[in-house]
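As structure tokens, the structure follows; a few thoughts come after it.
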Amino acid sequence: MATVKRIGVVGGGQMGSGIAQVATMHGVDVWLHDLDPQALSKASSSISSSIHRFVSKSHITQAKGAEALKRLRFTSNLEDFRLADFIIEAIVESEDVKKDLFVKLDKIAKSSAILASNTSSISITRLASSTSRPRQVIGMHFMNPPPVMKLIEIVRGADTSEETFAATKALAERMGKVVITSQDYSGFIVNRILMPMINEAFFALYTGVATKEDIDTGMKLGTNHPMGPLELADFIGLDVCLSIMRVLQAGLGDNKYAPCPLLVKYVDAGRLGRKRGVGVYEYHKESRSAKS
Ligand code: 3HC
């Protein structure tokens, strides 16, 4: 496949806007799509402020930052993706909603285009089967926050072709990322290991082993993780963690993946983490630090 020149990113949330930013900062023309114009305007300001942060730390020049912003366009019309070489979806983690999107993208995208999903745990093989081009469907899983995290996990569906894999790997490396490759089993590599750890931290809190602060400090200072598991759960979103645990439990058929009742309770209560201002911790708007 020829070098990817233009990509489309579907979903203007934290992941979609971060992916669009990484691509444009590495010389790729990007269209970012969201049905909600407000989401697009929020994405636009978060991308600008993140690029500004890279400029202010002298990681890139002001001119490079300005060029990156020029390569980026926003749209609420999926038809704008008909000329894209590569499309990455980063919408809600629902298999049905993603399948509907893949059916639409399959009709709109040119026949050579690759359709990638940033899903954190849904089967790429099943998403691919909703299209007429399963050989050109692949998982491209970015870590949060995409502009900072070095990894992309590439997931091969049952029918993903070698050409699709090679083009995706080349694009990921062009974006400055390190690639790991996973077969298509629930949770892939990172979430299969990370989410049970987070779930276990909830069990430690639930059963009174320790305070949330001590659980997080233990893992931060005891194992050199940048965030403790409960703080990280708030950062990822407790609803996302719960939904991934459920995918692991259903897909791997083992009770060891059963979500902790405390995690379920927090999600039921709407304590979804940083995005809601409250999760395991409470967050003040003006401060990025956690408050117990
Ligand atoms: N844009 C640009 N730069 C950013 C940024 C952004 N959005 N966010 C952070 N940075 C930069 C900062 O400017 C700073 O740069 P410097 O090293 O040159 O000074 C650096 O990143 C560190 O940022 P901060 O000092 O503001 O804050 P921290 O040191 O607390 O780092 C963090 C923030 C990078 C998020 C760090 O806490 C971290 O790595 N946390 C763990 C994140 C993680 O594990 N993510 C993976 C989650 S799992 C996942 O995504 C899978 C999914 O499917 C669930």
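Read-outs: derived from the displayed coordinates by stated rules, not from any lab. Bear in mind the structure is a predicted one, so any value in this text is a computation, not a measurement. Here the Cβ is made from the backbone with ideal geometry for all residues, glycine too, and neighbour counts use every protein chain on show.
Quick notes
- The chain: most fluctuating residue of D80, D96, D184 per GNM, C-alpha cutoff 10 Å: D96
- Anisotropy class of the stretch 192-288 from Cα gyration tensor, a/c 1.5 cut: oblate
- Cross-link partners of K256 among aspartates and glutamates (Cα-Cα below 14 Å; sequence separation of 8 or more within a chain): E200
- Computed about its Cα centre, the charge dipole of the stretch 192-288 is approximately 240 debye, with only Lys, Arg, Asp and Glu carrying charge at their Cβ.
- The alpha-carbon of K98 sits under 13 angstrom from the alpha-carbons of these aspartates and glutamates, leaving out residues fewer than 8 places away in its chain: E89, D106.
- Full extension of the chain segment joining K57 with K150 gains 31.7 nm, where the gain is 0.36 nm per residue of separation less the Cα-Cα distance.
- Unsatisfied cross-links (Cα-Cα over 26 Å) in the set K104/K285; K212/K275; K212/K265; K99/K150; K5/K64; K64/K220: K104/K285; K99/K150; K64/K220
- Beta bridges per DSSP with both ends in the stretch 6-183, % antiparallel, nearest 5: 15 percent
- Cα gyration tensor category, rounded, prolate or oblate, for the stretch 120-171 with a/c compared to 1.5: oblate
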